[in-house]
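So the structure is just underneath, and the comments pick up after that.
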Amino acid sequence: MAPHAPGETAKAAPGTLGTADGNEPGKDTALPVSRRRRRPLRTSLIVLAAVAVAAAAGLAATGALGGDSTEAPSSAPAGPPATATVKRTTLTDSETVDGNLGYGDATAVQAPPASSASSASSSASAQSGQSGQSTDSGESEGSNLVTWLPEEGKVIKRGETVYSVDQQKVPLLYGSFPFYRTLEEGSEGGDVKILEKNLSALGYTGFTVDDDYTSGTADAVEEWQDDMNREETGAVQPGDAVVASGARRIADVKTAPGAALSGSPLSWSGTERIISVDLDVQFEDLVKKGTKATVELPDDTTVDAVVTDIGTPSTSGSGDSADGSDGSGSGDSGDEATLPIELTVKNQKGLGRYQAAAVEVTLKAETRENVLTVPVNALVAQRGGGYAVEVVTAEGTEHRPVKLGMFADGMVEVSGKGIAEGTAVGVPK
């Protein structure tokens, strides 16, 4: 190594750190590889800078940075510029991102075909001797007109009316798929079981909840129809009920009473507020189902949340554009890949009166409890690789090797011989 003027700081070759003895560096000393390969650039720079400063401080404390000089050597320094103590604490690896509070994505309620929606009233008309054709007065049976709709924001539960057609109530039933055929005595299948589960939950009896539509099922259906002021046919048509996985909140009403029932008369969502995040894919390894998070609301209060759903990465701006082009313009501002995730908030009351709001979400990827920690700038690079801390005792100072663990909030987990809670270590001023 070429000599340098007194007071001049020795420069390490790129990719190396200085060593505590002032001689040529040994093999490269680099930070331990992070458990995540895609960390933000700013985080890497901060940690690298902190360790570089710490290494320089360690060298300065030992006098290793002095150059060739004709002056008499000065006495060894009494100790490091400043000290910190080894602390036992909990470290949490986290990242704060933007999110949105709301009821989640709304889904459309699809109306059945007109023939299915009006089949029950047509069947009832046939039983009473009416054909469903126009009468002399010009009126007709089974017009398939919407006669009632709920208000936006209304929560609808099992057995409650979703909408009415020709003054016939269409209730909500819970299940995994909609009715797609006429259910009547002799029918068998999973849709029969869905119907019977709902009838039982609504208090109707006289049948066994299974895949068989028996006379007992038909009797219960007639009683159910009577309670809704519908014709007591004992059979259920596809348009007689709307099936969903649970209670729903009306998000948007798309038609009005008097309109023909078709397409999607309304849309709805879940009943509980959730947190939605379009996560930058560089943080993908931060999350999995069950990952805990803290949500900060606009009024600075916080609530706990947990990741319950992770979507598929997508790129905004990709695909066909509205004008028919392929959306592959020269700009790159809209091409960042994101990962949609949803978080559930158990304490709904903690969300206050917010129905929709921008929030900050702190994802807690990993937590290390009851570990020994020191400030990152207490680390000193060792010749030959690895790190040490400068332990300060009544007799003086010495460098003790340490094994590094998690980095978080300017602290690093350490362990090693002679390292205990309360141990004093050197740090730069």
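Per-structure values
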quantity: Label-to-label distance, nm, for residues given as ASP210 and VAL281 (7 Å Cα→Cβ offset); calculated: 5.2
quantity: Percent RCO, i.e. relative contact order, over the stretch 254-311, from Cα pairs under 8 Å lying at least 6 residues apart; calculated: 23
quantity: Violating pairs (Cα-Cα greater than 29 angstrom) within the set LYS169/LYS193; LYS364/LYS403; LYS87/LYS349; LYS154/LYS364; LYS169/LYS346; calculated: LYS87/LYS349; LYS154/LYS364; LYS169/LYS346
quantity: Cα centroid of the stretch 141-167 to Cα centroid of the stretch 223-300, whole Å; calculated: 15
quantity: Charge context of LEU266, other residues only, Cβ under 9 angstrom, K/R +1, D/E -1; calculated: -1
quantity: Inter-label distance, nm, simple model (7 Å from Cα along the C-beta direction), THR83/GLU296; calculated: 3.5
quantity: Whole-Å distance, taken between Cα centres, linking the stretch 83-97 and the stretch 354-429; calculated: 8
quantity: Global form of the stretch 167-208, assessed from the alpha-carbon gyration tensor, a/c cut-off 1.5; calculated: rounded
quantity: Extension gain from SER176 to GLU336, taking 0.36 nm per residue of separation minus the Cα-Cα distance; calculated: 54.1 nm
quantity: Loop-located chymotrypsin sites (Phe, Trp or Tyr not before Pro) in the stretch 156-213 whose Cβ has at most 13 other Cβ within 10 Å (DSSP); calculated: TYR180
quantity: Virtual spin-label span in nm between GLN167 and SER200, 7 Å along Cα→Cβ; calculated: 3.6
quantity: Calculated FRET efficiency for the pair THR96/GLU421, C-beta based, R₀ 35 Å, to 0.05; calculated: 0.75
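Where a number appears in this text, it was derived from the coordinates with a stated rule and is not lab data. None of these values were measured; they are calculated from a predicted model. FYI the Cβ positions are ideal-geometry reconstructions off the backbone, even for glycines, and counts take in every protein chain you see.
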